[in-house]
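Report on the following structure.
The values are calculated or read from the model by the stated rules, or taken from the named source; none is laboratory data. These numbers were taken from a predicted model, which means no experiment stands behind them. Reconstructed Cβ throughout: ideal geometry from the backbone, glycine too, with neighbour counts over all protein chains shown.
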Amino acid sequence: MNISALFTGIRNTKKQRVGRGIAGSGGKTAGRGTKGQNARSGSGRKVQEWFEGGQTPLYRKQAKKRGFNHKVTKDIAITTDVINHHFKEGETVTAQSIIEHGIVRKLKPGQQIKIIKRSALKTGIKFSEVKLSTSLGE
């Protein structure tokens, strides 16, 4: 390995100096076009990305979403695999017992627990205060 191999792929050209007179290749408008806010000095700091040149911005044209919805309609689905893992034979499954076993942290107002059949249940498991899917026989 020689010393020139260390510097391969590194840009070795200087940045072009613009705005050095009309005769120079980057002279007069210096690649900024003619007139306008972006042609002025300091325009890199002045114009934000979201600025639309004085027309009403998009975020102000959008309709406002009014109100706040407290209702939670989605039920928490728990499969029979989870029930078999956490409950013993002959136990009763309620919403409170599911929270105590750590399957669900807590229920929001209006939220219910629904048991969905994925595998066969242990014998003697009973349900109360929970919804059952049609495959379990509601």
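Restricting attention to region 87-109 and to residues that are assigned to a loop (DSSP other than H, G, I, E, B), of a type in the set (A, V, I, L, M, F, W, C) and modelled with pLDDT of 90 or more, the residue that is nearest to Lys71 (Cα to Cα) turns out to be Val104.
Pick from region 110-129 the residues that are farther than 12 Å from Thr80 by Cβ and either in a loop (DSSP other than H, G, I, E, B) or charged (D, E, K, R) (or both): which of them is nearest to the chain's Cα centre (by Cα)? Going through the qualifying residues, I end up with Gln111. Could you tell me whether any residue of region 50-72 is surrounded by 10 or more Cβ atoms within 10 Å (Cβ to Cβ), not in a loop (DSSP other than H, G, I, E, B) and not polar (S, T, N, Q)? Scanning region 50-72, I find no residue that is surrounded by 10 or more Cβ atoms within 10 Å (Cβ to Cβ), not in a loop (DSSP other than H, G, I, E, B) and not polar (S, T, N, Q), so the answer is no. Can you tell me which of Arg20, Arg40 is at pLDDT 85 or above and surrounded by 10 or more Cβ atoms within 10 Å (Cβ to Cβ)? The match here is Arg20.
Taking only region 99-127 into account, find how many residues are β-branched (Val, Ile, Thr) and over 11 Å from Ile76 (Cα atoms). Number satisfying all stated conditions: 3. Within region 58-86, the set of residues being touching a strand residue (DSSP E or B) at 6+ places or on another chain (Cβ under 8 Å) and at pLDDT below 90 comprises Asp75 only.
The set of residues from region 6-37 being under 24 Å from Glu52 (Cα atoms) and in contact (Cβ under 8 Å) with a residue 12 or more places away in the chain comprises Ala30, Gly31, Gln37. Considering region 73-109, and only residues there that are small (Gly, Ala, Ser) and exposed (fewer than 15 other Cβ atoms within 10 Å of the Cβ), the residue that is nearest to the chain's Cα centre (by Cα) turns out to be Ala77. Tell me yes or no: at least one residue of region 8-18 is part of a helix (DSSP H, G or I) and out of contact with any strand residue (DSSP E or B) (no Cβ under 8 Å at 6 or more places or on another chain). Taking every residue of region 8-18 in turn, none turns out to be part of a helix (DSSP H, G or I) and out of contact with any strand residue (DSSP E or B) (no Cβ under 8 Å at 6 or more places or on another chain).
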